[in-house]
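S.K.: There's a structure below that I have some questions on.
The values are calculated or read from the model by the stated rules, or taken from the named source; none is laboratory data. Note that the coordinates shown come from a computational prediction; the quantities given were computed from them, not determined experimentally. All Cβ positions, even for glycine, are placed from backbone atoms using ideal geometry, and neighbour counts span all protein chains on display. The accessibility values were calculated without ligands, DNA or RNA, using every heavy atom of the protein model including side chains. Shrake-Rupley method; radii C 1.70, N 1.55, O 1.52, S 1.80 Å.
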Amino acid sequence: MKRFNLFLNALLLLLVAVGCNEDFDTPPMVVPHAEHQANMTIAEFKAKYWQDGRNFIDTCKEDTYIHGWVTSSDEEGNIYKHLYIQDETAGLGISIDANSICNTYRVGQEIVINMKDFWIGKYNGEYLIGKPEWYAAQSVWEAGRMSLDLFKEHAELEGLPNLDKIAPVEVEISDVVGHSDAETQLKYQGQFVIIRNVEWEGADGTLTFSESASSTTRNIKDEDGNVLGVNNSNYANFRGDPLPVGKGDVQGILYMTGSDKWGLYLRDTNDCQGFDNNTKGYPSDPWIVPEAIELQNQGKKGWVTGYIVGAIAPGVNEVTSNDDIEWTAPTTLDNTLVIAESADVRDYTKCIAVSLPQGSNFRHDANLKDFPELLGTQIWVKGTLATFMGMAGILDNSGSIDEYKLSIMTGGVTELNEDFEECVKNGSMPSGWRLVKTKGDKDWYIDEYDNNKYASVTGYSGKQPPFDAWLITPALDIKNAGRKELSFLSKVRYYRATDPIEVYLMTTNDPTTAELIKLDPILATASEGNQSDFISSGTIDLSAFEGTYCIGFRYVSEQQSNYTTWQLDNVKFGGKALLQTIDDFETMNGGETTAQQGWTSLTSTKGWTATNAALLKGGASDAPPTFIMIGKKADESDNWAYAVHLNGNTSAKGILTSPVFANGIKTLTFNYGYVLSESNGVKFYVNFYLEDPRVNLQNPMKSFMINEPSAAQKTAYTKTLDVDLSQPCYMEIVPASPTNSTSNKDRFAIWNVMWETM
């Protein structure tokens, strides 16, 4: 019984002890210990097996152990399939064909490596532990990637990670750049270093560590102008983060390529230290005008934003009063701007003067003499904040397109006819076109099929969905374009997903800041798994818009198992103001043709009239009143043209009279010809009057005779006349009756009448 009670007491004590231990399920921490110790430093080992050249591999035959602490991490995706270690003497890279190496070998972990029967060599100039790999192109062995399991067979862990063991080695850029000798390479290749008091070239608060489409080298620069490239992967988690602004310290792993070029790998953005990231004066955070006035003449250079309120008046050398500024537009001169915090400021002491360099893009695009519509709009200008013409100013702006930005576009082309035939497959877009990716890594590109080139886009093979890719035209001057019209062809392939394209009118060529006005063109459609033909968008009327715009073709896609491919061709805009009567003639007689000899009076909805006339139409065969010679409308549509057929009888001449040309007429173009065999050539007058000849008989201001005695039957002829009448006028076409017959021998047809205004 005593023995049993003792057993119960012992059991109760055990239960109490267990109940007091809240961590009884937590296994004890296992601290790894290496069975071997290093007998050679990394520096000694590297020197022992060093070979010149870009590629080699060698085997260690001795009982050699090296050790080092892990300095790298692939956790953020910028270091790829590499592990770096260093001891008190040097650093060394290890090439391992594995991802997430950091899960096994964390930063600060000590590793002891058995190098016997292991390999050391180079891969394109970088000194590494690796596996033998044959490089056929150069007929040489090199240090390729080994499996993680193979590395584990040679590597022992010692203790727990200790960050105190991996303090970076302080170096200057000049210590490595320009030095490719063996001594420098042995000392610094694979070394974890820190470079102090540097800045990122081009950092402006928006420039990212890497572009989305490919890995990108960004440079760091020291105070002496020495530059070192930092290679940033487009798969790094911080790819899209903006580069640090200002000056600070950058640390990372030094490496060398086969071109004897040094580079640096960041592990993560924590390797950028001490940067103040003060973005004031950068494009993403420009000074406003009051701030820029306060900073005058202090040597500050950067970006300022404000609103255009005027220009310095002619004859003024020093601004001393508000009268020295022209506050309205258009201005007399084109060489300056005056900007303020808001568009309503009229006090020169609250403004900044900006010089527009002669012959520069800045002057061409931003002067108020040519572009009064800029008055009151926002502008961004880069330069030095210093006195100009006696008032606060911005100097040292070269006038290049990367030193100013407008909130609206000016200038632009009045005609665009892009068929992409001058491009190279997979090459650059035509001059003036812009590609912008706001999401993902897919872009528009030039493709070719069946001797036809076009712009194309698809999400296929993209690695970073969703995609948002823009193809943007050059600036289009709608205000001064003769024809304020847009058209294009589209084609769709592999229509198994719902990847649309959208078409926008844009106030600038930056889709992230522009005002976007969605257009509604006809777009190609296709059934699943098939493709469409190239389909016309139809004529898109832009006459409601005054000023300069771009057209943006936008491709949007979420992640898909199958992606749509879009193709774009024959983008056309503007051109001469050839106002076609084709649509108007077809409104005569309700669009119904008349008998060839059934002379009648015709009136169109726009005011054209014809007496002693008939209405004919183009057709696929000569089946009166349709004729092959008349053909299609001149607007490149697939519709047949209508023609007015005028009687040539001297006693009942046909006459075609226009409505008023309110803006005058510069040139006139039309087709003409005769359809019946009785005619003896073609002869007629084209007369222009200041008043309507149907109301007031008068002598013509200008008269042209068209005489084609050898004209062939059922043959179309084209005529262009230089009219050059700037005042409102009317046109009349009347037969000259070459046979002077009272019968119907001298009749002829007129169609596709077009004109260009003054």
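S.K.: Quick check on residue 757: is it open to solvent by 80 Å² or more (accessible area, probe 1.4 Å), under 23 Å from residue 586 (Cα atoms) and not hydrophobic (A, V, I, L, M, F, W, C)?
M.R.: Here the answer is no, as residue 757 does not meet what is asked.
S.K.: I would also like to ask the following. Inspect all residues belonging to segment 355-364 and state whether any of them is closer than 16 Å to residue 407 by Cα, among the aromatic types (Phe, Trp, Tyr), out of contact with any Pro (no Cβ under 9 Å at 6 or more places or on another chain) and part of a helix (DSSP H, G or I).
M.R.: Yes; the residues of segment 355-364 include at least one that is closer than 16 Å to residue 407 by Cα, among the aromatic types (Phe, Trp, Tyr), out of contact with any Pro (no Cβ under 9 Å at 6 or more places or on another chain) and part of a helix (DSSP H, G or I).
S.K.: When you scan segment 21-135 for strands (runs of 3 or more DSSP E) that lie fully inside it, which ones turn up with 1 or more residues that are within 22 Å of residue 232 (Cβ to Cβ)?
M.R.: Output list reads 65-70, 82-86, 91-95, 119-123, 126-129.
S.K.: A further question follows. Does at least one position in segment 336-350 carry a residue that is over 18 Å from residue 290 (Cβ atoms) and either hydroxyl-bearing (Ser, Thr, Tyr) or crowded, with 18+ Cβ neighbours inside 10 Å (or both)?
M.R.: yes
S.K.: Follow-up question, since we're still on this one. Within segment 537-574, which residues are surrounded by fewer than 17 Cβ atoms within 10 Å (Cβ to Cβ), hydroxyl-bearing (Ser, Thr, Tyr) and more than 20 Å from residue 475 (Cα to Cα)?
M.R.: 561 - this is the single residue of segment 537-574 that is surrounded by fewer than 17 Cβ atoms within 10 Å (Cβ to Cβ), hydroxyl-bearing (Ser, Thr, Tyr) and more than 20 Å from residue 475 (Cα to Cα).
S.K.: Give just the number: which of (1) within 53 Å of the chain's Cα centre (by Cα); (2) more than 21 Å from residue 581 (Cβ to Cβ); (3) open to solvent by 20 Å² or more (accessible area, probe 1.4 Å) does residue 720 not satisfy?
M.R.: In the conditions (1) within 53 Å of the chain's Cα centre (by Cα); (2) more than 21 Å from residue 581 (Cβ to Cβ); (3) open to solvent by 20 Å² or more (accessible area, probe 1.4 Å), residue 720 misses (2) alone.
S.K.: Scan 190, 178, 205 and give me the residue that is assigned to a loop (DSSP other than H, G, I, E, B) and crowded, with 21+ Cβ neighbours inside 10 Å.
M.R.: 190
S.K.: Taking interchain pairs and intrachain pairs at least six residues apart, which have beta carbon atoms under 8 angstrom, with the first residue in segment 735-755 and of a type in the set (A, V, I, L, M, F, W, C) and the second open to solvent by 50 Å² or more (accessible area, probe 1.4 Å)?
M.R.: 736/683; 736/685; 736/705; 736/707; 754/579; 755/579; 755/666
Here is a yes/no grid of residues against (1) among the charged types (D, E, K, R); (2) open to solvent by less than 30 Å² (accessible area, probe 1.4 Å); (3) farther than 18 Å from residue 145 by Cα:
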| site | (1), (2), (3) |
| --- | --- |
| 76 | yes, no, yes |
| 82 | no, no, no |
| 86 | no, yes, yes |
| 89 | no, no, yes |
| 97 | yes, no, no |
| 101 | no, yes, no |
| 112 | no, yes, yes |
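S.K.: Would you confirm whether any residue within segment 244-256 is of a type in the set (Val, Ile, Thr) and under 25 Å from residue 381 (Cα atoms)?
M.R.: yes
S.K.: Mind counting the residues in segment 595-623 that are without any contact (Cβ under 8 Å) to a residue 60 or more places away in the chain, part of a loop (DSSP other than H, G, I, E, B) and surrounded by 14 or more Cβ atoms within 10 Å (Cβ to Cβ)?
M.R.: 4
This table checks each residue for (1) modelled with pLDDT of 95 or more; (2) over 15 Å from residue 189 (Cβ atoms).
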{"residue": "12", "(1), (2)": "no, yes"}
{"residue": "26", "(1), (2)": "no, yes"}
{"residue": "36", "(1), (2)": "yes, yes"}
{"residue": "42", "(1), (2)": "yes, no"}
{"residue": "46", "(1), (2)": "yes, no"}
{"residue": "81", "(1), (2)": "yes, yes"}
{"residue": "84", "(1), (2)": "yes, no"}
{"residue": "90", "(1), (2)": "yes, no"}
{"residue": "107", "(1), (2)": "yes, yes"}
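S.K.: Follow-up. Any chance you could count how many residues in segment 629-688 are closer than 21 Å to residue 710 by Cα and in contact with a Pro (Cβ under 7 Å, 6 or more places away or on another chain)?
M.R.: Here the count works out to 6.
S.K.: Among what's in segment 285-329 and is in contact with a strand residue (DSSP E or B) (Cβ under 8 Å, 6 or more places away or on another chain) and of a type in the set (Ser, Thr, Tyr), pick the residue that is surrounded by the fewest Cβ atoms within 10 Å (Cβ to Cβ).
M.R.: The residue in question is 328.
S.K.: Report whether or not residue 147 is of a type in the set (Gly, Ala, Ser) and closer than 19 Å to residue 231 by Cα.
M.R.: Here the answer is no, as residue 147 does not meet what is asked.
S.K.: If you don't mind, another one. Can you tell me which residue within segment 634-653, out of those that are of a type outside the set (Gly, Ala, Ser) and closer than 30 Å to residue 522 by Cα, is modelled with the lowest pLDDT?
M.R.: Looking at residues that are of a type outside the set (Gly, Ala, Ser) and closer than 30 Å to residue 522 by Cα, I get 636.
S.K.: Also, I was wondering about something else. Looking at this structure, is residue 634 part of a loop (DSSP other than H, G, I, E, B), touching a residue at least 24 places away in the same chain (Cβ under 8 Å) and more than 30 Å from residue 486 (Cβ to Cβ)?
M.R.: Answer is no for this residue.
S.K.: Tell me which residues, restricted to segment 680-692, are within 21 Å of residue 749 (Cβ to Cβ) and touching a Phe, Trp or Tyr at 6+ places or on another chain (Cβ under 6 Å).
M.R.: 682, 686 - these are the residues of segment 680-692 that are within 21 Å of residue 749 (Cβ to Cβ) and touching a Phe, Trp or Tyr at 6+ places or on another chain (Cβ under 6 Å).
S.K.: Residues in segment 297-309: is at least one within 22 Å of residue 342 (Cα to Cα), in a loop (DSSP other than H, G, I, E, B) and in contact with a helix residue (DSSP H, G or I) (Cβ under 7 Å, 6 or more places away or on another chain)?
M.R.: no
S.K.: Residue by residue through segment 513-558, note down the ones that are polar (S, T, N, Q) and closer than 25 Å to residue 414 by Cα.
M.R.: If the condition is that a residue be polar (S, T, N, Q) and closer than 25 Å to residue 414 by Cα, then 513, 536, 537, 539, 543, 548 are the ones that fit.
S.K.: Within the set of pairs 6 or more residues apart or between chains, which connect a residue that is at positive phi inside segment 272-297 to a residue that is open to solvent by 50 Å² or more (accessible area, probe 1.4 Å) with Cβ atoms less than 8 Å apart?
M.R.: From segment 272-297, the pairs are 274/247; 281/300; 281/301; 297/387.
S.K.: Same structure again: Tell me the strands (runs of 3 or more DSSP E) entirely within segment 446-516 that contain at least 2 residues that are surrounded by fewer than 20 Cβ atoms within 10 Å (Cβ to Cβ) and of a type in the set (D, E, K, R).
M.R.: 485-493
S.K.: I'm checking my understanding of the structure. Among residues of segment 136-149 that are open to solvent by 40 Å² or more (accessible area, probe 1.4 Å) and either assigned to a helix (DSSP H, G or I) or touching a Pro at 6+ places or on another chain (Cβ under 9 Å) (or both), which one is farthest from residue 256 (Cα to Cα)?
M.R.: Result: 149.
S.K.: Which residue pairs have Cβ atoms under 7 Å apart, sit 6 or more places apart or on different chains, and have a first residue in segment 411-437 that is in a loop (DSSP other than H, G, I, E, B) and a second that is buried (at least 17 other Cβ atoms within 10 Å of the Cβ) and aromatic (Phe, Trp, Tyr)?
M.R.: Pairs found: 420/454; 426/445; 430/420.
S.K.: When you go through (1) buried (at least 20 other Cβ atoms within 10 Å of the Cβ); (2) over 21 Å from residue 43 (Cα atoms) one by one for residue 185, which number turns out not to apply?
M.R.: (2)
S.K.: For segment 651-710: of the residues being free of Cβ contacts under 8 Å to residues at least 60 places away in the same chain and among the β-branched types (Val, Ile, Thr), which is surrounded by the most Cβ atoms within 10 Å (Cβ to Cβ)?
M.R.: 686
S.K.: I'd like to verify a number: residues in segment 220-244 that are surrounded by fewer than 21 Cβ atoms within 10 Å (Cβ to Cβ) and not in a loop (DSSP other than H, G, I, E, B), how many?
M.R.: Summing the residues that are surrounded by fewer than 21 Cβ atoms within 10 Å (Cβ to Cβ) and not in a loop (DSSP other than H, G, I, E, B) in segment 220-244 gives 5.
The rows are residues; the columns are (1) of a type in the set (A, V, I, L, M, F, W, C); (2) closer than 16 Å to residue 245 by Cα; (3) under 24 Å from the mean Cα position of the chain (by Cα).
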site	(1), (2), (3)
171	yes, no, no
178	no, no, no
181	no, no, no
198	yes, yes, no
204	no, yes, yes
